[in-house]
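Notes follow the structure.
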Amino acid sequence: MPVEMRSVRDTAAVGRFPTVNFWEETEKETEKPEENNVQKENACQRWMRKVCPCCCPKPNDDDITDTVITGTDDGDKEDDTNGEKPVTDAGELDELLLKVQSVDLMKSRSGENRTEHHTSLYQSDDFIIRRGQTFQMWITLSRPFNPSTDKLHLDLKTGPLPAVSKGTHVIIPLVEELEDDGWEAAVVSQDDKRIKLSVHSPPTAAIGRYKLTVETSGASGRAVSTHDPANDIYMLFNPWCEEPLPSFFQVNSLDDQGVVQGNWSANYTGGSSPTLWSGSVEILKQYHESSGSPVKYGQCWVFAGVVTTVSRCLGVPCRTVTNFSSAHDTDVSLTTDVYLDENLEPIAHLNTDSIWNFHVWNDCWMARPDLPPGNGGWQAVDSTPQETSQGTFRCGPASLSAVRNGQVYLKHDCPFVFAEVNSDKIYWQRNADGTFSQIYSEKKAVGHNISTKAVGSDERSDITHLYKHPEGTEEERIAVETASRYGSKAEAYSSPTAEDVSVEVTMEGEGPTMGGDAELTIKLKNSSSEQRTVLLHSQAAVMYYTGVHKATVRKDNADVHVLPNEVKILEWSLNYKDYKDQLIDQAALMLTLSGRVTETQQVLATQFSFRLRTPDLILKPIGKAVVGEKTSVEISFTNPLPQVLKAVTFHVEGLGLVTARKIHYGDIGSHASMSLTEHFVPTLPGSRKLLASLDCQQLTQVHGVTDITVGEKSGAAL
């Protein structure tokens, strides 16, 4: 019996051919193709065309397609037509193939998707949505979709190496009804060749930019749409659903080559002074253009500003927070410790704790399913590299509710944040045997005027009450004592000692100005019925705003007699000539007072931080501002110092007004006034802010801001 030979299918050919039996003695095809037929045919095609020319005409260019088609029948089976099957030509087969002609993600900023996903205010026309929610999309097909025979699924890929196991390659199937428990899609409407899909993403979906393609299949084969960058999907965090805790980026450069490199040395060679930056956009652009090289330099407010921008961009509600008199606890004692020797002099190598003049971090809003109920909402996140957490320079997210109630045993980094805002300042004196005894405690020295920008205005919003109970209340003391049980100096909270003499430092008005003398008031109060003599030590020092000591500029000792029930006022001053050569960024100074009451051996101690006020830049808009038309602003300034400001640089920036711009001005003489005019062309209408800063070696922290209302361009469509 002759051997049955099976045909070999060309997988690159268009269409599918029935099984053909060839006998060994079958005569080979010798007919040459016509010269004009540029498309090559395999043996099966030539044989079928010879047997049935009406069903299998010569192929032409119109039948060629990029889609790979596979059939659904089994080529090894024969039907009851003696091995011969009806054959469809390539053109008809192509018409039956279900292909995607277009995709409409309905991504208008004012449309349903972006409104429902709270992304309508993003200044982009890309398709920006949040995970854990449903979105709608239209798909136009080459023919009407038949759910009984046709198949369709969405294919999403994000990242450089998409993988299904990592959730970066997602295949979204069609289901009859959404169950909201994973990636899925359902047809909710059909209009001839158009179908409307409702697509749901889980709250665990990876955040990022997804490439979208659509795959279809049916009896006529399979087709995959071409990737169109205009249809990329930008997936953000979603604070409106109980999603897992975001994995926060480290904006600082330590550990992972983050965006900003910190520098507190006052030497900013090779980069920009942290005080120069007026916004995050310029920093992020520089980081991107340098292929991820950290931007030089930043300090706490710079780190916090970048975190605010990036967090909001990725969909996490975020605000910048400033804490005045912010403690830095270095030994997890939950106290701010000051060590003094037998003569009440500070012991420098032991005084590693500090109180920053101010410190800036962030609050981010999110659910906390990993914590007991009631701890969701605002969470403190600090990207300034101070201490490590689990081996990395980071801090948070720490629940504000947990911090407020002293529940420092809850993650993440609640002990550190608690110490920043509500630690007691404890003074320790060295004994003759080398041990230390607690001699004084200040309960209101840390965590003042915790602030953020008010919603809808430029006013300061005080949020101290979110971080701590009112100072001195029973609730606040309970929170401190609760937290202290988990610190390394729990023994510091023993029964308080009686006190009848107190000391307080105050400052009148807005405080001293740069270039002038500092005037402070020391108030000693004797609440007893007997006279008291106080041996008072005072020391003035220039400080970094972080509370780190730079240089002592004045020291004094005095014996002060205080009559029974008397309040004695002492005037204290610091002359400009005493501090001018030691000043650094922030112009921060600290007065430290310590003393002992001769009659009772009571110890007094307090510290008072203050800053020399710098002048403002005056920004005055000139003329009317209109989109697309040149306008200008006058920048004026008066040098407050009795010395020349060398190589002054101005920095100007305003969203929708002018991109970040540096102006190299030159020198400004002693007490001299100057002005310059800067021209720009607004690009966005509405209320805008123009910011400017001045920077030079002799003077920093000089800023100015003005509101500019930009009108629509003449003749613009309403």
How many of the residues making up segment 416-468 are assigned to a strand (DSSP E or B) and on the phi > 0 side of the Ramachandran plot?
-> 1
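Return the only residue of SER265, SER280 being of a type in the set (S, T, N, Q) and crowded, with 17+ Cβ neighbours inside 10 Å.
Among SER265, SER280, only SER280 is of a type in the set (S, T, N, Q) and crowded, with 17+ Cβ neighbours inside 10 Å.
State all residues of segment 215-243 that are assigned to a strand (DSSP E or B) and under 11 Å from GLY315 (Cβ atoms); if no residue qualifies, say none. Show your work before the answer.
From segment 215-243, those assigned to a strand (DSSP E or B) are 215-218, 221-224, 233-236; that's our starting set.
Passing the criteria: TYR234, MET235, LEU236.
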Restricted to segment 442-478, and to residues that are farther than 16 Å from SER325 by Cα and in contact (Cβ under 8 Å) with a residue 40 or more places away in the chain, which residue is least open to solvent (accessible area, probe 1.4 Å)?
-> GLU476
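Within segment 612-627, identify whether any single residue is open to solvent by 60 Å² or more (accessible area, probe 1.4 Å), in contact (Cβ under 8 Å) with a residue 60 or more places away in the chain and within 23 Å of LYS550 (Cα to Cα), and answer yes or no. First the steps, then the outcome.
Step one: of segment 612-627, the residues open to solvent by 60 Å² or more (accessible area, probe 1.4 Å) are 613, 616, 618, 620, 622-624.
After this cut, where a residue has to be in contact (Cβ under 8 Å) with a residue 60 or more places away in the chain as well, the list is 613, 616, 618, 620, 624.
After this cut, where a residue has to be within 23 Å of LYS550 (Cα to Cα) as well, the list is 613.
Yes, segment 612-627 has at least one match.
Out of GLY669, GLY654, which single residue is within 37 Å of the chain's Cα centre (by Cα), touching a residue at least 12 places away in the same chain (Cβ under 8 Å) and over 30 Å from LEU536 (Cβ atoms)? First the steps, then the outcome.
On the way: GLY669 fails: within 37 Å of the chain's Cα centre (by Cα).
Answer to the selection: GLY654.
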Working only within segment 270-284, note down all residues that are assigned to a loop (DSSP other than H, G, I, E, B) and closer than 9 Å to LYS296 by Cα.
-> GLY270, GLY271, SER272, SER273
Scan segment 286-343 for residues that are of a type outside the set (A, V, I, L, M, F, W, C), over 25 Å from ILE450 (Cα atoms) and in a loop (DSSP other than H, G, I, E, B) and jot them down.
-> SER290, SER291, GLY292, SER293, PRO294, ASP341, GLU342, ASN343
Within segment 398-417, count every residue that is closer than 24 Å to GLN261 by Cα and open to solvent by 10 Å² or more (accessible area, probe 1.4 Å).
-> 3
Pick from segment 342-377, criterion surrounded by 15 or more Cβ atoms within 10 Å (Cβ to Cβ) and at positive phi, ranking: modelled with the lowest pLDDT = GLY377
Considering each residue of segment 179-202, count those that are touching a residue at least 24 places away in the same chain (Cβ under 8 Å) and more than 34 Å from the chain's Cα centre (by Cα), and give that number.
-> 8
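Is it the case that segment 536-549 has a residue that's among the small types (Gly, Ala, Ser), over 30 Å from TRP264 (Cβ atoms) and surrounded by 15 or more Cβ atoms within 10 Å (Cβ to Cβ)? Lay out the reasoning, then the answer.
Step one: of segment 536-549, the residues among the small types (Gly, Ala, Ser) are 538, 540-541, 547.
Retained after the next criterion (residues that are over 30 Å from TRP264 (Cβ atoms)): none.
Scanning segment 536-549, I find no residue that is among the small types (Gly, Ala, Ser), over 30 Å from TRP264 (Cβ atoms) and surrounded by 15 or more Cβ atoms within 10 Å (Cβ to Cβ), so the answer is no.
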Where in segment 588-696 are there strands (runs of 3 or more DSSP E), lying fully within it, with 1 or more residues that are within 30 Å of VAL560 (Cα to Cα)?
-> 588-597, 603-611
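Output the residues belonging to segment 696-712 that are at pLDDT 85 or above, surrounded by fewer than 21 Cβ atoms within 10 Å (Cβ to Cβ) and not hydroxyl-bearing (Ser, Thr, Tyr). Before the answer, list the steps.
If we filter segment 696-712 for residues that are at pLDDT 85 or above, which is where we start, we get 696, 702-712.
Those still in the list that are surrounded by fewer than 21 Cβ atoms within 10 Å (Cβ to Cβ) too: 696, 703, 705-709, 711-712.
Residues satisfying the conditions are CYS696, HIS703, VAL705, ASP707, ILE708, GLY711, GLU712.
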In segment 102-154, which residues are over 24 Å from ILE171 (Cα atoms), part of a loop (DSSP other than H, G, I, E, B) and not acidic (Asp, Glu)?
-> SER108, ARG109, SER110, GLY111, HIS118, THR119, SER120, LEU121, TYR122, GLN123, SER124
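Give segment 462-476 a look and list any residue that's over 34 Å from the mean Cα position of the chain (by Cα) and not polar (S, T, N, Q), or say none. Before the answer, list the steps.
Step one: filter segment 462-476 for residues over 34 Å from the mean Cα position of the chain (by Cα), giving 472-474.
Matches in segment 462-476: GLY472, GLU474.
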Residues LEU156, LEU212: which one is touching an Asp or Glu at 6+ places or on another chain (Cβ under 9 Å) and either aliphatic (A, V, I, L, M) or open to solvent by 80 Å² or more (accessible area, probe 1.4 Å) (or both)?
-> LEU212
List the number of the failed condition for HIS328; all other conditions in (1) over 16 Å from the mean Cα position of the chain (by Cα); (2) farther than 23 Å from ALA445 by Cα hold.
-> (2)
State whether the residues of segment 314-331 include one that is in contact with a Leu (Cβ under 7 Å, 6 or more places away or on another chain) and surrounded by fewer than 22 Cβ atoms within 10 Å (Cβ to Cβ).
-> yes
If we scan segment 306-316, do we find a residue that is of a type in the set (D, E, K, R) and touching a Ser or Thr at 6+ places or on another chain (Cβ under 9 Å)?
-> no
Matching option when the condition is open to solvent by 50 Å² or more (accessible area, probe 1.4 Å) and under 22 Å from THR213 (Cβ atoms), among THR134, THR115, THR149 = THR149
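The values are calculated or read from the model by the stated rules, or taken from the named source; none is laboratory data. Predicted, not measured: the structure shown is a model, and the values here were computed from it. We place every Cβ from the backbone using ideal geometry, glycine too, and count neighbours over all the protein chains shown. In case anyone asks, the SASA skips ligands and DNA or RNA and just uses the protein heavy atoms, side chains included. Shrake-Rupley method; radii C 1.70, N 1.55, O 1.52, S 1.80 Å.
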